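The values are calculated or read from the model by the stated rules, or taken from the named source; none is laboratory data. Computed from a prediction, not measured in an experiment: that's the story for all the values here. Every residue, glycine as well, gets a Cβ built from its backbone with ideal geometry; the counts of neighbours run over all protein chains shown. Surface areas here come from the heavy atoms of the whole protein model, side chains and all, with no ligands, DNA or RNA. Shrake-Rupley method; radii C 1.70, N 1.55, O 1.52, S 1.80 Å.
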Amino acid sequence: MAKIVIIGAGMSGLAAASRLATLGHRVTVCEAGGTYGGMVGRYERDGFAFDTGPGLLTLPAVYRDLALKTGKEPLEQLVELAPVDPESRHLFPDGTAVSLPNASRGGVSQALDAAFGAGSGALWSEVMNRGRAVWEATRRPLLEEPLPADPTPLRTDPYPVPPRTGLARLRKPVPWTLDTVARRQLGGHPGLTALLGEPALRYGLPPGQAPAGAAVLAYMEQSFGVWYVKGGLRALADAVYRRCELRKVEFRFDTPVTRVIVEEGRARGVETADGRIDADLVVSAMDTGALFRHGLADWPGMRPEDWEPVEVPGRFSVLLALRGPRPEGTVHRTVVHAADPAAEENALSLSGPPCERPTVQVLRPDDPALRPDDAHESVVLTATVPAQDDVDWTAPGFADHYADRLLAHVDAAGLGLRERVLWRVVRTPEDTRRETGALFGAVAQPVLAGSPAPSSGLKAANESPVPGLYLIGGGAHPGGGLARVGMSACIAAGLIGPA
Ligand SMILES: Cc1cc2nc3c(=O)[nH]c(=O)nc-3n(C[C@H](O)[C@H](O)[C@H](O)COP(=O)(O)OP(=O)(O)OC[C@H]3O[C@@H](n4cnc5c(N)ncnc54)[C@H](O)[C@@H]3O)c2cc1C
């Protein structure tokens with residue numbers, strides 16, 4: 001049995017703690033804040049409740065596996081999982097609207113034909129077939145397995161690009177981005193282009209920078225579905241925390257780790273304000289960039305300032321407490337697309353100022369647990385925005401003004417929310433930074449093979465170069481998002497092995 005200290009009680013830290021304790025190790029989790037969950041937060045007031053982080057779950061198989069490996073009850077007995085159906089309703093600037101069914105590629109194809117004209121569904125399906133090829137090539141190395149010792153093959157995008165013909169063969173090949181796919185394979189259709197880019201954008205990857213293989217994100221959502229956890233996504237963190245308690249994990253809240261102790265070339269524990277905690281192994285589930293940039297640990301041969309996230313966006317959310325019942329026929333997830341996609345791309349890749357009318361996700365779960373009664377509704381708007389420092393989200397009035405712009409933008413698409421607002425809470429990348437320690441409040445992107453952007457390349461391997469120090473969570477392999485951080489915990493537990 002090893003004594004293991006985990007730094008951080010976000011989803012990756014909770015997942016690792018429950019898995020390692022089940023393997024027979026003695027696990028202590030040090031959490032800087034007063035609660036668990038990290039970005040999976042909850043805001044409650046006057047009978048309203050809101051997810052402040054993720055509002056949707058993809059690849060629930062990751063948490064199904066966690067539930068099975070750490071206890072008797074399957075995930076469905078720990079939380080109430082519901083498919084989001086329709087998966088989304090999309091509103092485009094030209095007034096076109098389309099609702100897409102959940103986990104039905106055939107249904108999506110039909111809906112696209114109806115909204116955009118015959119043949120649109122076939123074009124889309126062809127791109128999704130290529131997304132499937134990317135999924136098959138990368139599922140194991142970029143989701144399920146540790147980063148290989150030689151990750152060179154993962155720097156090549158497996159998206160099946162058609163062979164070049166004629167004079168084009170003589171020119172140096174330029175890597176395809178999602179924008180290239182949209183231009184060459186979706187005929188530049190504005191609606192299909194926006195649909196392809198939206199999941200990538202939600203994961204912080206502007207389509208002009210995302211590798212063509214990012215088509216896998218839309219493929220995964222449309223093939224495996226999008227899920228909601230009744231009571232809000234925070235209920236998932238509650239369930240994994242309870243599993244940790246069952247497995248006798250010790251939690252120390254309000255206990256920031258100030259240093260990983262390395263003696264005789266091995267991690268031997270952590271330093272906290274309350275003193276030293278000895279351990280045989282240390283698992284960092286805090287932001288990997290922050291761990292090294294703030295000098296809590298040293299990466300051999302790298303300077304702390306090298307750990308700067310380059311052009312990695314954050315999330316901006318507006319929590320809306322609304323008077324009046326949720327209108328009949330309201331869908332769970334509406335996406336109001338950017339009025340000018342090029343302006344949104346520039347705002348994110350050139351580091352601000354934020355786009356005035358960006359792509360906004362509007363989450364309106366029909367869940368009585370989130371509202372005081374049926375005469376009220378709770379709604380969350382979220383947009384991908386430049387992180388703190390690229391933009392000063394703390395400047396007086398700045399965030400509030402931006403929230404006004406988002407509300408005006410979604411109301412212009414016909415949502416009619418503004419006149420119903422009782423009160424609202426605005427959350428910026430600076431809130432994410434303050435609450436979770438994520439560098440600049442940036443939300444880590446998933447790792448994709450062949451990413452051309454420096455910020456979205458491969459992430460640190462789960463086994464760090466310091467013996468006895470493991471790295472998990474959004475800043476480590478295989479990157480951000482609930483499914484991937486859950487997998488990072490699974491991979492690290494596999495590397496550490498049973499007691
Ligand atoms: C607004 C928003 C919307 C999102 N939407 C989605 C979505 O729909 N779907 C999806 O899959 N993902 C989404 N994400 C991303 C997802 O929430 C994250 O990728 C994931 O929760 C990160 O988990 P983590 O464990 O890596 O890190 P975190 O949740 O950041 O947890 C890190 C923990 O470490 C603690 N910590 C930091 N420093 C120290 C220290 N020195 N000592 C002790 N503890 C420390 C922090 O307090 C924190 O609790 C969203 C994120 C945000 C912010």
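A few points about this structure:
- Å² per residue, accessible surface of the range 85-224 at 1.4 Å: 46 Å²
- For Met39, solvent-accessible area (1.4 Å; no DNA, RNA or ligand), Å²: 80 Å²
- Sequence-separation-based contact order of the chain, relative, with Cα cut under 8 Å and 6+ spacing, percent: 24 percent
- Sites Asp94 and Arg323, calculated FRET efficiency, Cβ-Cβ separation with R0 41 Å, nearest 0.05: 0.85
- Relative contact order (%) - criterion: Cα under 8 Å, at least six apart; region: the range 1-157: 11 percent
- Residue ranking by accessible heavy-atom surface, 1.4 Å probe, largest first, among Val174, Val282 comes out as Val174, Val282.
- With at most 16 neighbouring Cβ atoms within 10 Å, loop GluC sites (Glu not before Pro) (DSSP) excluded, longest segment of the chain: 81-263
- For the range 176-208 versus the range 77-127, the inter-centroid distance based on Cα atoms is 15 Å.
- Simple Cβ-charge dipole of the range 409-454, Lys/Arg +1 and Asp/Glu -1, about Cα centre, in debye nearest 20: 80 debye
- Inter-label distance for Thr258 and Glu245, nm, one decimal - labels placed 7 Å from Cα along Cα-to-Cβ: 3.1 nm
- Computed with every protein chain present, the accessible area of Leu75 is close to 10 Å² [probe 1.4 Å].
- Debye, to nearest 20: dipole size of the chain, +1 on Lys, Arg Cβ, -1 on Asp, Glu Cβ: 1020 debye
- Note on Asp340 and Gln77: the extension gain reaches 90.3 nm, defined as 0.36 nm multiplied by sequence separation minus the Cα-Cα distance.
- With all protein chains in place and a 1.4 Å probe, the accessible surface of the chain carries 52 percent carbon and sulfur.
- Most to least accessible of Asp113, Asp411 (protein chains only, probe 1.4 Å): Asp113, Asp411
- Full extension of the chain between Asp65 and Ala499 yields a length gain of 154.2 nm, computed as 0.36 nm times the residue separation minus the alpha carbon distance.
- If R0 is 51 Å, the Cβ-Cβ spacing of Asp374 and Glu126 corresponds to a FRET efficiency of close to 0.70.
- In this structure the range 258-343 gives 44 Å² per residue of accessible area when probed at 1.4 Å with all protein chains present.
- Relative contact order, percent, the range 320-478 [alpha-carbon distance under 8 Å, six or more residues apart]: 20 percent
- Only helices enter the 222 nm calculation for the chain: every DSSP H run of n ≥ 4 contributes -39,500 (n - 2.57), and dividing by all residues gives -9500 deg cm²/dmol, rounded to 500.
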